[in-house]
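Here the structure comes first, spelled out in structure tokens, and everything after it is commentary.
The values are calculated or read from the model by the stated rules, or taken from the named source; none is laboratory data. These figures come from a predicted structure and were not determined experimentally. Positions of Cβ are generated from backbone atoms using ideal geometry, with glycine treated the same way; all protein chains shown enter the neighbour counts. Accessible surface is based on the protein model in full, side chains and every heavy atom, while ligands, DNA and RNA are left aside. Shrake-Rupley method; radii C 1.70, N 1.55, O 1.52, S 1.80 Å.
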Amino acid sequence: MILKMSWRNIWRSPLRSLVVMGAITIGTWAIIFLMSFSFGMVKSYVNNAIRMETSHIQIHTPAFKEDREVGNLLPEAESKLATIKSSAEVEAATVRTILNAMLVAPKGTRGVIARGIDENEEIKVTEIDQQIVEGSYFGKGKNQVLMGKSLAEKLGLKIRKKVVLQFQNLDGEITAGAFRIVGLIDSGNKMRDDGSVFVRRGDLNRLIGSEKAGHEIAIFLKDAEQIQAKTAALKTDYSNDLIESYTEISPDIKLYETQIGTSFAVFVGIFMLALIFGIINTMLMAVLERTRELGMLMSVGMNKGRVFGMIVLETLMLGLVAAITGMILGWITIQYFSGSGIDLSSFSAGLKQFGMSTIIYPALDGAYYLQLTISIIITTLLASLYPAYKAIKLRPVEAVRKI
Amino acid sequence: MKVIEAKGIEKIYNPNKIPVHALKGVDLEIEQGEFTAIVGPSGSGKTTLLNIIGGLDRPSEGSIEVGGKDISALSDNQLIDFRKDNIGFVFQAYNLIPVLTAKENIEFVMLLQNRSEAERNQRTNELLKAVGLEDKIDKRPSELSGGQQQRVAVARALASKPTFVLADEPTANLDSESTSNLLDIMAKLNQEENMTFVFSTHDQRVIDRAHRIVTLVDGKIDTDVRR
Ligand SMILES: Nc1ncnc2c1ncn2[C@@H]1O[C@H](COP(=O)(O)OP(=O)(O)OP(=O)(O)O)[C@@H](O)[C@H]1O
Ligand SMILES: [Mg+2]
């Protein structure tokens, strides 16, 4: 009965209740949507970074991390790769030879990272073939190179033109090879497109003087949830090597991920602060205009605990109904956009610089809905305490006497 | 059997600012089944006396026993519980909970008393019938006339099976037809359930129906007539 009374009491001043509920609904919706958008953005950035650069897990020899020196090879890279590939959690893995090189072109010279890749295995890990905007992936013939379209433009290079890559071989001598440009890449990350080129690992290995050489194993797992476990397992298997998950390889990703959690908390905090005052105000009004009725209820035997509970319940329902409506609306909005994404092409120039995709797919973990719900429940409860306290402080005689 | 026994009741409002001596030593005993009107000029202390008898207010001096129990020693929350189980109230106005139907209003106190659903339903129907509002069972107070609302209030007051019913000017807002109708109902319940009624009034027609008339003048009992 008290539940019924509380619910009906909300609708005694429908306009006033609706205004507060509307504010809560819109606030909740806005938080959900903004957060899902931010998460979508981070996720796209992270996935992009994983797919293009870091993969899930990488293995190097520890010295390579400090000094990207040709001699810092990963011992027995190929046999390790074979073992790793055969494990159940691994979707794809590949080995790379990575050199600091000078790219010599008719119009200028530039320092780049030359990545020697196994053409068939690499595309299972990084999908680099998908990013070719001109020309094609490696084809027949030796010494082919893929490079960023933006880099090619800066150096005045075109497809089919030749460039020279210069680097140290394993004996410490400078060596060089002429490579023909077969494809131009636009990965969406301009900074990386400008700084690296892709060649066949075999071609590089021949030039540095070791068929089996490799500096890096990159692993892509079937399920991203397994990253921590697999990283730990690899650390015990190869205790002499440096095993890193993507958050260790690229701390900025980790930072992004924690940052977003913090900004969620800040958003929610600000919203709750505004909420608490709005609710106190509304409920105080509701209590004051019901003075006589509350006095009557206490006169006929409704004790203070029940009166208190009724006001708290009323506030809670007001807040929860609105919050849940807001969340459902938020969820619907997310569902609506998650199919096609939100196209930001008109702002994309800036985003591309940082390796973000121009279409954002908003998404929000269920845990955040729960967090938001709990925050709203706590806030509403807090906000209801003062009006409920006011209600039980009424003295029934005085309340009944008031005309 | 004595239902109410008030001795030497004094009430001083605002003792620290401008004191108002509303009751100046009232002794009053009410027997089970009496149908008593408290009358007197405006400001004579009728409402004050009823509030004290009903445990809504505390006397400045004197003692008050209801059903043999001294209620002056009870805490606020104990008083609320005491009222719930022992006293039925009918106020001049704003008796009913606006968001509840007639039936729910009558059930309300029984719910506070934790009575079973079967008992609640039976008593509610019985009382709605007694006050002649069986057909208004699902109406909200705003859909009822003033007289009908007061009849629901009387039914509500009796629902808890109280020791007695207190009514402060229950007919003040009613026309003469509704007034006589309400009094018929109160008199009938007084007869049938042997329920004790204590009510205040200014209305001569109401006074005429009472079996006992206690007249207050200036905070004291002037006359006390049984008929
Ligand atoms: N809360 C209060 N504070 C101060 N004085 C009060 C208060 N309530 C009543 N009084 C005073 O006490 C006296 C008795 O008031 P009371 O309401 O009991 O009279 P009443 O007989 O019920 O009058 P009426 O017929 O007008 O209802 C009056 O002088 C009134 O002004
Ligand atoms: Mg009065």
| Which one of B:K17, B:K69, B:K84 has the biggest mean-square fluctuation once chain B is modelled by GNM with Cα springs under 10 Å? | B:K17
| task | Give the ranking of B:L74, A:L313, B:L28 by solvent-accessible surface, highest area first, calculated with a 1.4 Å probe. | result | A:L313, B:L74, B:L28
| remark: Helix A:251-288 sits off the longest principal axis of the Cα atoms of chain A, rounded to the nearest 10 on a 0 to 90 degree scale, by 10 degrees
| message | For the pair B:R212/A:E398, report the inter-label distance in nm, with labels modelled 7 Å from Cα in the Cβ direction. | response | 3.3 nm
| message | Run the paramagnetic zone check for A:M191: 7 angstrom along Cα to Cβ, then residues of the stretch A:46-64 with backbone nitrogen under 18 Å. | response | A:46-55
| task | Evaluate E = 1/(1 + (r/R0)^6) for A:I26 and B:N114, where r is the Cβ-Cβ distance and R0 equals 41 Å; express this FRET efficiency to the nearest 0.05. | result | 0.45
| task | With θ set to phi - 60°, apply the Karplus curve 6.51 cos²θ - 1.76 cosθ + 1.60 along the stretch B:164-173 and write out the HN-Hα couplings as whole Hz, x wherever there is a Gly or Pro. | result | 7, 10, 10, 9, 9, 6, x, 10, 4, 9
| task | Please figure out what share of the DSSP beta bridges in the protein assembly as shown is antiparallel and state it in percent, rounded to the nearest 5. | result | 70 percent
| task | Over all directions, average the projected area of the Cα convex hull of the protein assembly as shown and note it in nm². | result | 41.3 nm²
| field | chain A, helix-only ellipticity at 222 nm - DSSP H runs n ≥ 4, -39,500 (n - 2.57), divided by all residues, nearest 500 | value | -18000 deg cm²/dmol
| task | With a ≥ b ≥ c taken as the square roots of the eigenvalues of the C-alpha gyration tensor of the stretch B:22-120, please select rounded if a/c is under 1.5 and otherwise prolate if a/b is larger than b/c or oblate if it is not? | result | prolate
| task | Return the distance in nm (one decimal) between the two label points of a simple spin-label model at B:N14 and A:N240, each offset 7 Å from Cα along Cα→Cβ. | result | 9.8 nm
| request: Step through the table entries B:K84/B:K139; A:K393/B:K7; A:K390/B:K220; A:K142/A:K230, compare each Cα-Cα distance with 31 Å, and write down the pairs that go over it. | output: A:K390/B:K220; A:K142/A:K230
| remark: Once A:E153 and A:R68 are pulled to full extension, the length gained, defined as 0.36 nm per residue separation minus their Cα-Cα distance, is 27.9 nm
| Suppose R0 equals 41 Å; then what is the FRET efficiency for A:I359 and A:E289 from their Cβ-Cβ distance, rounded to the nearest 0.05? | 0.20
| request: Provide the percentage of antiparallel DSSP beta bridges, counting only those with both residues in the stretch B:2-226; round to the nearest 5. | output: 55 percent
| task | Would you calculate a helix-derived [θ] at 222 nm for chain B, using -39,500 (n - 2.57) for each DSSP H run of n ≥ 4 and dividing by the full residue count, to the nearest 500? | result | -11000 deg cm²/dmol
| query | How high is the relative contact order of chain A, in percent, with contacts defined as C-alpha pairs under 8 Å that are six or more residues apart? | reply | 26 percent
| message | If you average the C-alpha positions of the stretch A:129-167 and of the stretch A:1-19 separately, how far apart do those two centres end up, in angstrom? | response | 70 Å
| B:H21 paired with A:S340, simple spin-label distance in nm, labels 7 Å along Cα-to-beta-carbon | 8.7 nm
| query | What's the angle, to the nearest 10 degrees (0 to 90), between helix B:102-112's Cα axis and the longest principal axis of chain B? | reply | 60 degrees
| Taking 0.36 nm per residue of separation and subtracting the Cα-Cα distance, what length does fully extending A:S87 through A:I174 add? | 27.4 nm
| A:G148's amide H: which non-local residues (gap 5+, or another chain) put their own amide H closer than 5 Å, with H modeled 1.01 Å from N in plane and none for Pro or chain starts? | A:I185, A:S196
| Between B:S72, B:S145, B:S200, which gets the highest mean-square fluctuation from a Gaussian network model of chain B, Cα cutoff 10 Å? | B:S145
